[in-house]
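Laboratory data are not the source of any read-out in this text; all were calculated from the coordinates shown. Values in this document were obtained by computation on a predicted structure and should not be read as measured data. Cβ coordinates were reconstructed from backbone atoms using ideal geometry, including for glycine residues, and neighbour counts include every protein chain displayed.
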Amino acid sequence: MLDTTDDELPLGRREQNKIDTRRAIADAAFDLALTVGPGAFTVDQIAGRAGVSRRTFFNYFPSAEDALTVRTDGFLDLALEVFGRMPQDEPLFDSIIRAFTETTRMEGLSQHGALFRMAGSNPDLLRAQLHAWERAEARVVVALRRRLGAGTSELYLTALVGSVLSCTKAAMRDWAAMTSDSAGDPGQELEERILAALTMLRDGFSQHPSGPVLRD
């Protein structure tokens with residue numbers, strides 16, 4: 001049972017307990033979404049499957065949909081950590097693409113793709129995903145300002161981040177429309193489309209492909 005009192009735990013264990021509880025709630029929400037569909041289950045069902053109380057659930061998430069979108073935040077945490085380790089003299093877009101690639105090796109995109117598809121038929125989940133993208137935009141701007149320096153133009157930063165996220169969403173929409181019945185690995189196919197879109201952005205859209213652009 002995860003629903004324990006953290007007050008008397010050592011600080012390190014207390015923080016790990018919070019991480020474990022948050023992950024258990026997110027996993028329970030995702031499992032229910034796959035089983036019965038988004039919007040077809042309650043907070044009480046998520047809490048019961050995660051082994052926590054309803055009160056504990058709301059200590060971590062304001063809604064069932066927010067428990068689903070926590071994966072976006074987690075993936076971004078990891079990607080920004082990887083990006084922060086990239087050489088300062090490496091071309092910026094090469095660092096962005098390499099950070100994304102290395103992150104997907106540690107955490108695949110299958111679950112992210114599944115949630116993106118689910119949001120197409122669930123307005124509440126779509127709204128929660130849009131908020132997650134907004135949080136991502138603000139955090140990526142901070143990470144890039146740290147890399148490029150405090151004097152970097154705000155217009156440059158916001159236009160750059162907006163372009164990167166727009167290309168990512170375009171790739172996800174293309175994947176969601178094209179690969180629902182594919183026999184391949186959906187996470188890898190999604191990764192290939194995102195990498196293709198980011199590469200086109202890096203190269204200034206100098207090519208005009210007639211079909212899906214995937215990695216060799």
Taking just the alpha-carbon atoms of the chain, what radius of gyration and Dmax come out, in angstrom?
18.8, 62
P(r), alpha carbons of segment 31-107 - 5 Å bins starting at zero, rounded %:
3, 14, 19, 15, 11, 11, 11, 8, 5, 2, 0
Order of R202, R173 under a 10 Å beta carbon neighbour criterion, fewest first:
R173, R202
Using 7 Å Cα-to-Cβ label points, what is the V142/V36 separation (nm, one decimal)?
3.6 nm
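Could you line up S95, S163, S110 from fewest to most neighbouring Cβ atoms inside 10 Å? Let's see the in-between values first.
On the way: S95 20, S163 12, S110 15.
Placing the least packed residue first, the sequence is S163, S110, S95.
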Charged-residue dipole, Cβ positions (Lys, Arg, Asp, Glu), segment 69-214 about Cα centre, Debye nearest 20:
320 debye
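Tell me, in nm to one decimal, what length is gained between D203 and E107 on full extension, where the rule is 0.36 nm per residue of separation less the Cα-Cα distance?
Numbers: separation 96, 0.36 × 96 = 34.56 nm, distance 2.63 nm.
Answer, rounded to one decimal: 31.9 nm.
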Got a sec? Charge dipole of segment 65-202, +1 on Cβ for Lys and Arg, -1 for Asp and Glu; which of P123, A196, G151 is way out at the positive end?
G151
With springs only between Cα atoms under 10 Å apart, run a GNM on the chain and tell me which of M86, M172, M106 wobbles the most.
M106
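Please identify the trypsin sites (Lys or Arg not before Pro) of segment 28-65 that satisfy two criteria: DSSP loop assignment and at most 15 other Cβ atoms within 10 Å. Which are they? Provide the component values of the computation, followed by the final result.
Values: sites: R49, R54, R55; in loops: none.
Passing sites in segment 28-65 do not exist.
I need R146, R117 ordered by Cβ neighbour count within 10 Å, fewest first. Walk me through the numbers on the way to the answer.
Working: R146 13, R117 17.
So the ranking, lowest neighbour count to highest, is R146, R117.
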Quick one: work out Rg over Rh on the C-alpha atoms of segment 11-60, Rh as Kirkwood radius.
1.03
